[in-house]
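The structure appears below as structure tokens.
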Amino acid sequence: MNIEHQDGAHDPTRIAIIGGGVTGLTTAYDLTRPAGQERYAVTIFENAPALGGLAAGFRGRPAWEWPLEHFYHHLFLSDRAMLGLLDEVGFRHALKSYRPNTAIHAQGKNYTLDSVSRVLGFPLIPLVDRVRMGMVIAYLRYHPARPWRRFDKIGADAWLRRWMGRKAYEAAWEFQLQGKFGDSYQEVNLAWFWARVFARTPKLAYFDGGFQAFIDHLAQRVQQQGVEIFTNCAVEAIRPQTDGGYTVVVDGEARRFDQVLSTVSPGAMQRLAPDLPAAYLGQLARLKSMGAVVLTVALDRKLTKDMYWISLPKREGIPFLALVEHTNMIDPSHYAGDHLLYLGDYLPPDHRYFEFSTEELLDEFAPHLVKFNPSFRREWVTGAWVHKAKYAQPVPPIGYLEMIPALRTPLPGLYFASMSQVYPWDRGTNYAVELGRKVAGMIDA
Ligand SMILES: Cc1cc2nc3c(=O)[nH]c(=O)nc-3n(C[C@H](O)[C@H](O)[C@H](O)COP(=O)(O)OP(=O)(O)OC[C@H]3O[C@@H](n4cnc5c(N)ncnc54)[C@H](O)[C@@H]3O)c2cc1C
């Protein structure tokens, strides 16, 4: 809706972006560059006091030099969309690569399975099963046709159990699917698993200053390009108008826009835009996802010698899925000497942990830390912070390709872009960048 004046000039199209996470910021960036062109007047409304969404950071103590993500975050060296954006906005220099140790925990010990030789040396299953596991992973990773569309129709659990063999699958993979997808794990399709094996690199990357430094840099850039950003601003409704365009209700006040991009969860989108056609609302309602509860713990010393990431089967009797010793990758000097651990899990949004306070969760989790270091004492804990997100991990079932709601909703000029539309890749900031750019391209088509 570009209004043309008599001199041929146009009023900029007014765009509201709901959500100041990586997707919303990236769309705002693309729509307003190059600076000075002013074809779009973009306004971002963010509910939280700060930008960044799920990738945002917090300063647990004023003495921390760098903020830390509420939820553990790193990048892979294959994250091309993110690397491309960093080059454009001049922030690539802040991204450093690391080769931290990752492991699975089984029968009281940690095993690293990140290379062929380590898989072949995994002692808990017979050699023949190790070889089968290695061959299946190699098949998925190096298949020249990248056949993920075919894998969309196949269940990961049944396929992996069949081809990897029960022993290998149950020892190394089944618990990871169970941990990430809960009771829905048998529905998850092989395309999701393929993407995970195909795209991930053992080398990881992390920003100097944390992900918040990247978000702040991007936010500053879009503001320089003229984007208006409001934090602490919850959008309450998106209402289509009969004369075209939308009313966006923010803190009780109605504001007019020509087009709207919403980057909220599918559940929130149904509430914000009930005027969407029933078929689209039905698609949103059918999307499943898991929440996340993550306890960050500060210790006065290391817990493990050199482990960054340990994946934990529930059968080991440990009540969380991942133990991430962040300061075994990033130097604790950036956090005033605190050694920082994340104890995290993906849970259904009605799980009792969502009601737990930091203290209650610490009481539940801390007794298990002795399993990773027999000398651990509760006195080592010098701080703890809990963070919770009810929409944290989409569940991609068999046939997901046909279930994904379109980015362009049936209402003209209303777009919806969320983690649930990132596929076959597992959600991540790299894919939020990709998604944000795709929607910007559609709006600007
Ligand atoms: C536990 C966990 C671990 C992760 N690990 C990694 C990792 O290692 N590497 C990686 O790259 N990615 C990781 N991710 C994923 C990554 O954080 C997300 O993919 C990405 O941040 C999604 O960005 P987004 O902008 O699409 O959504 P979000 O970040 O969810 O942004 C949406 C925004 O909308 C706002 N909002 C919601 N409702 C309203 C409203 N009514 N009005 C105004 N604003 C509203 C929210 O406050 C939020 O800021 C992880 C996520 C989780 C949960």
Check: Per residue, what volume in Å³ does the convex hull of the Cα atoms of region 385-434 enclose?
Finding: 118
Checklist line | Packing-based exposure ordering (other Cβ within 10 Å, fewest first) of Val439, Val381, Val386 | finding: Val381, Val386, Val439
Next item on the list: Write out the chymotrypsin sites (Phe, Trp or Tyr not before Pro) in region 162-236 meeting two conditions: DSSP loop, and at most 16 other Cβ atoms within 10 Å of their Cβ.
Entry: none
Check: To one decimal place, what Kirkwood hydrodynamic radius in Å is obtained for region 259-336 from all pairs of distinct Cα atoms?
Finding: 16.7
Notebook entry, point to check: Tell me, which longest segment in the chain has none of the GluC sites (Glu not before Pro) that fall in DSSP loops with at most 13 further Cβ atoms within 10 Å?
Noted result: 66-445
Notebook entry, point to check: Angle, helix 22-31 long axis vs. longest principal axis of the chain, Cα atoms, 0 to 90°, nearest 10?
Noted result: 40
Item checked: Spatial separation of Cα centroids for region 213-269 and region 173-210, in angstrom -> 31
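How large is the charge dipole for region 346-444, taken about the Cα centre, if only the Cβ atoms of Lys, Arg (+1) and Asp, Glu (-1) carry charge, to the nearest 20 debye?
Details: 10 positive and 11 negative charges, 47 e Å.
Computed about the Cα centre, the dipole is about 220 debye.
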Next item on the list: Among Asp243, Asp157, Asp87, rank each residue by its count of other Cβ atoms within 10 Å, from fewest to most, as a rough exposure measure.
Entry: Asp243, Asp87, Asp157
Checklist line | Summed residue charge, Cβ within 13 Å of Gly20's Cβ, Lys/Arg positive, Asp/Glu negative | finding: -3
Margin query: If amide hydrogens are placed 1.01 Å from N in the peptide plane, which non-local residues have theirs closer than 5 Å to the one on Gln393?
Written below: Met290
Check: Remind me, what semi-axes does the chain give for its equivalent ellipsoid, largest first in whole Å, using sqrt of 5 times each Cα gyration tensor eigenvalue?
Finding: 39, 26, 20
Checklist line | Helix-only CD estimate at 222 nm, as mean residue ellipticity for the chain, using -39500 (n - 2.57) per DSSP H run (n ≥ 4) | finding: -8500 deg cm²/dmol
Next item on the list: Please list, in chain and number order, the residues 5+ apart from Asn189 or on another chain whose amide H is under 5 Å from its amide H, with Hs placed from the backbone.
Entry: Ala156, Ile398
Next item on the list: May I have the extent of the alpha carbons of region 145-263 along their three principal axes, as whole Å values ordered from largest to smallest?
Entry: 59, 43, 30
Check: Which whole-number percentage describes the relative contact order of the chain, with Cα contacts under 8 Å and a sequence gap of 6 or more?
Finding: 24
Checklist line | Too-long pairs where the Cα-Cα distance tops 29 Å, listed order kept, from Lys167/Lys302; Lys96/Lys305; Lys180/Lys438; Lys203/Lys314; Lys180/Lys305; Lys96/Lys302 | finding: Lys167/Lys302
Checklist line | 3J(HN,Hα) from dihedral phi, region 123-136, Karplus parametrisation 6.51/-1.76/1.60, rounded to Hz, x for glycine, proline | finding: x, 7, 9, x, 4, 4, 6, 5, 5, 4, 4, x, 5, 5
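For His351, His74, what ranking results if the residue with the fewest other Cβ atoms within 10 Å of its Cβ goes first?
His351, His74
No value in this document is a laboratory result; all are computed from the given coordinates. Values in this document were obtained by computation on a predicted structure and should not be read as measured data. Please note: Cβ atoms are built from the backbone with ideal geometry, for glycine as well, and neighbour counts cover all protein chains shown.
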